[in-house]
1. How many residues does the stretch 467-508 hold that are among the basic types (Lys, Arg) and within 27 Å of Tyr301 (Cβ to Cβ)?
2. Which one is nearest to the chain's Cα centre (by Cα), of the residues in the stretch 291-317 that are open to solvent by less than 10 Å² (accessible area, probe 1.4 Å) and under 21 Å from Val224 (Cα atoms)?
3. Can you pull out the residues in the stretch 138-195 that are among the hydroxyl-bearing types (Ser, Thr, Tyr) and over 15 Å from the mean Cα position of the chain (by Cα)?
4. How many of the residues making up the stretch 165-183 are at pLDDT 95 or above and among the hydroxyl-bearing types (Ser, Thr, Tyr)?
5. Does at least one position in the stretch 114-127 carry a residue that is within 9 Å of ligand 1 (Cβ to nearest atom), within 24 Å of the chain's Cα centre (by Cα) and not in a loop (DSSP other than H, G, I, E, B)?
6. For residues in the stretch 74-95 being of a type in the set (Gly, Ala, Ser) and under 22 Å from the mean Cα position of the chain (by Cα), which is nearest to ligand 2 (Cβ to nearest atom)?
7. In the stretch 346-369, is there at least one residue being within 24 Å of the chain's Cα centre (by Cα), over 26 Å from Arg448 (Cβ atoms) and of a type outside the set (S, T, N, Q)?
8. Assess whether Arg254 counts as being open to solvent by 20 Å² or more (accessible area, probe 1.4 Å), modelled with pLDDT of 95 or more and closer than 25 Å to His155 by Cα.
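The values are calculated or read from the model by the stated rules, or taken from the named source; none is laboratory data. It should be emphasised that the depicted structure is a prediction, and the values quoted were computed from it without experimental measurement. Here the Cβ positions follow ideal geometry from the backbone for every residue, glycine too, while neighbour counts run over all protein chains shown. Surface accessibility is based on the protein's heavy atoms, side chains included, excluding ligands, DNA and RNA. Shrake-Rupley method; radii C 1.70, N 1.55, O 1.52, S 1.80 Å.
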Amino acid sequence: MQDLAFENSFVRELPADTVLVNEPRPVANAAYTRVEPTPVAAPRLLAWSEDLAQYLGIAFSPDEKPFIAEVFSGNRILSGMQPYAARYGGHQFGHWAGQLGDGRAITLGEIIATDGRRHELQLKGAGRTPYSRTADGRAVLRSSVREFLCSEAMHALGVPTTRALSLVATGEAVIRDMFYDGNPRPEPGAVVCRVAPSFVRFGNFQIHAAHQEHKALKRLLDYVIREHFPQSSYEDFFREACVRTARLMVDWMRLGFVHGVMNTDNMSILGLTIDYGPYGWLEGYDPLWTPNTTDAQGRRYAYGQQPHIAQWNLARLAEALLPLVPREALEQGLALYSETFNASWQQAFFSKIGLTSRNDGDEELLRELFEGLAEGETDFTLFFRGLAEVAPERPSLEPLRRAFYADAPRPRLQAWLERYASRLIQDDSTAEERKSRMNRVNPRYVPRNYLAQLAIDGLEKGDASVLERLMRVLARPYDEQPEEDTLAERRPEWARHRAGCSALSCSS
Ligand code: AMP
Ligand code: MG
């Protein structure tokens, strides 16, 4: 660990803030501000992603553990690191919010992973920066556990995402009003080390465009293309960003993932899932469901809205690129987004129900499936996993019962199942083949909010075993792990209304 080599391409190649005062303020004509993490009282390593560490080529011996906690809390800056906070803006809930930026995230530097790819190491919760506005630059343990757990679970599910290397307790309290009801209380603080090839968001482009900083905008675009879209023209770059975003939306939709805060500052230019806040996983299938209590009124970021919102966000990115990219190419990119999303979404759901060929009535069959799912509260994950158990010769709801939250008759779903069964018979694959194919796309385990909350409850009492067990099981989400069946159950009734177990506020 001591001899890691750091690079700093972002700092080297993009315009720096010339003011070096670490106080909240508007920053002009810069992509970032050089700023160091604020040390914490008593850092302690709570969790570590061995899988990611191996990929990055980072290893440490047991006696180096305190040193690791020092580095990944921000208390110790290693030689070669040039820490910075990025400047970006964004549309929040549909409105331009001006300058946002890394208010509590600080990138330490870049390292070259074992496959030769460059990755940034970024601490979230590392202290104030010029972009902190009125906030404290810190993060609570509960939201840090959620980010750590879900980043790694997403990766194992096969979804592009920023990753998480470490979770460190700071030994300091953070004051939060978790329910926004005027009752702030101290909570344990933590720092997560996130890892990604780049943390650039749509909002990094938007802030330059909003301030007519066209030179800085061009430098950012050239840098992002050189590093991440090699050999692409500006037009290719935007098309590719649209395609990646479309594929990401298909992944979220096929897994029932709801991000919760799809503001343009939370949209990765690489098409990664980024900024895990009040996210959730569909339990009862409901297109209007959102885990974010702050969005309970408008439901702008509900499950079924995500594909449309992603395109709206891409349109805001397109506006920011207008000084550099021909309008026609931007419009083509946005159209390509729709085409890619529609085709890949269908493909993904046909795979989820195990069809390999296409028949005339198949689109109708999918439409009717969603009507059947909405007939009574039906667990999204368990339903699709259970569907592989249905025998086409004897279609029965029996294998699907574990997905039902209420014990009511399901005539619609039963009728659908019969049509589905007769359709399966026309698809020429054996039951075994179909099941193994379906099990590769329909996970058995997802990091449901109540499970994450149990891990948080444990850690707040000093017990890391629940988190460790979840990390272990979620590393193989598509595999049967019979001894871990209890982690693949419906959300229990006690969790329906408990804070953090279904819905969450943005307080983090
Ligand atoms: P988010 O809702 O997490 O995407 O954050 C929106 C903006 O608020 C970003 O610029 C964040 O860096 C900033 N922010 C959120 N929480 C804090 C905090 N505790 N301290 C400083 N900045 C924050
Ligand atoms: Mg954010």
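1. Within the stretch 467-508, the subset among the basic types (Lys, Arg) is 469, 472, 476, 490-491, 496, 498.
Then keep just the ones that are within 27 Å of Tyr301 (Cβ to Cβ); that gives 490-491, 496, 498.
Residues that pass the stated criteria total 4.
2. Per the stated criteria, the residue is Ala310.
3. Let us first name the residues in the stretch 138-195 that are among the hydroxyl-bearing types (Ser, Thr, Tyr), namely 143-144, 151, 161-162, 166, 170, 180.
Answer for the stretch 138-195, where residues must be among the hydroxyl-bearing types (Ser, Thr, Tyr) and over 15 Å from the mean Cα position of the chain (by Cα): Ser166, Thr170, Tyr180.
4. The number of residues fulfilling the criteria is 2.
5. Within the stretch 114-127 (the criterion being within 9 Å of ligand 1 (Cβ to nearest atom), within 24 Å of the chain's Cα centre (by Cα) and not in a loop (DSSP other than H, G, I, E, B)), the answer is yes, since at least one residue qualifies.
6. Restricting attention to the stretch 74-95, the residues satisfying the condition of being of a type in the set (Gly, Ala, Ser) are 74, 79-80, 85-86, 89-90, 94.
After this cut, where a residue has to be under 22 Å from the mean Cα position of the chain (by Cα) as well, the list is 85-86, 89-90, 94.
On the way: Ala85: 13, Ala86: 11, Gly89: 12, Gly90: 8, Gly94: 16 Å.
By that ranking, first place goes to Gly90.
7. No, the stretch 346-369 contains no residue that is within 24 Å of the chain's Cα centre (by Cα), over 26 Å from Arg448 (Cβ atoms) and of a type outside the set (S, T, N, Q).
8. Details: open to solvent by 20 Å² or more (accessible area, probe 1.4 Å): yes; modelled with pLDDT of 95 or more: yes; closer than 25 Å to His155 by Cα: yes.
Criteria met by Arg254.
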